1. May I ask you to derive the FRET efficiency for residue 18 and residue 149 from their Cβ-Cβ distance with R0 = 35 Å, giving the value to the nearest 0.05?
2. How would 277, 260, 190 line up from fewest to most surrounding beta-carbon atoms within 10 angstrom?
3. Pulled fully out, how much extra length does the chain show between residue 9 and residue 264, if you take 0.36 nm times their separation in residues and subtract their Cα-Cα distance?
4. Per DSSP H run of n ≥ 4, the term is -39500 (n - 2.57); total these for the chain, divide by its residue number, and report the mean residue ellipticity at 222 nm rounded to 500 deg cm²/dmol.
5. Using 7 Å Cα-to-Cβ label points, what is the residue 328/residue 275 separation (nm, one decimal)?
6. Only bridges with both residues in the chain count here: give the DSSP antiparallel percent, nearest 5.
7. Let me know the whole percent of all Cα-Cα pairs from the stretch 169-300 that are separated by more than 18 Å.
8. For 311, 44, 147, which order do you get if you count the other beta carbons within 10 Å of each Cβ and list the fewest first?
């Protein structure tokens, strides 16, 4: 290390505090009861002396990076277009700041190997992972959990007990389908939000099937198409459903983004919504309120999910022994115009 490098002792002398106080302030330790005035004085002294804590030294001193990672199961070129991401990431970031942590973001495409985010763990860049959109066959995340590494899923994999935060995807789908059935529809199609390798996609499909079964309506595989997170997949899927000899009179699209593409295709095919085709989405993204006709959809509390995931992970990291390791938030059907009903 160069002798010209500023030390914590120099920052401490400049600020008139102990070296330990400098360490607590600059490492953002939330448990330290240090006045705002002292914190400001330390940060100003560090700025004047151009001092930045060495990340490796911080890890050696505390054994922790005070960083959590969000692994987002989307291809990098699509991840930043995902309208669900901002609210969810803001929730995580707010929880992390509250506890004195930082957040890393890592998009991972469906074609990547299950352990492609492993360098975050192997390189000790993070104290724990939030994995959004878990695949039901992701062996690597199961191994991490069994080895004791802190992991929280945004979503649930039914046959393992990894801590999770989610909505009840199946029940949200059941609510959507029941609404369409109450409006008189008996031939209801579905476009999934994503390929069925993703747990949430499978759960929403199961809710669709359950609602039909309860209503004594035969499940037809021909009425189901897979979406792929984006508008284009909804655009193509609804055209395939319209081409059936007996197309549906209503469609449940398990993602508002995918639904946007479906609505575009319906408009181009001169299919009137909701008169000739009722549509219900899932997520309640901001755009759902502003398109014409406005989209009926299942509301998902994105910020609450992010906050819950971040807080749960940090409590696990800090051995806080949270009682509830599986947080489930409520959804709500928001009735607008595309289903043909009025709120």
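FYI, it's all coordinate maths here, none of it is from the lab. None of the values given here were measured: they were computed from a predicted structure. Using ideal geometry, Cβ is built from the backbone for each residue, glycine included, and neighbour counts are taken over all protein chains shown.
1. Efficiency for this residue pair is about 0.55.
2. 260, 277, 190
3. 85.5 nm
4. -12000 deg cm²/dmol
5. Distance between label points: 4.2 nm.
6. 10
7. Every Cα pair in the stretch 169-300 considered, those over 18 Å come to 45 percent.
8. In increasing order of surrounding Cβ atoms, one gets 147, 44, 311.
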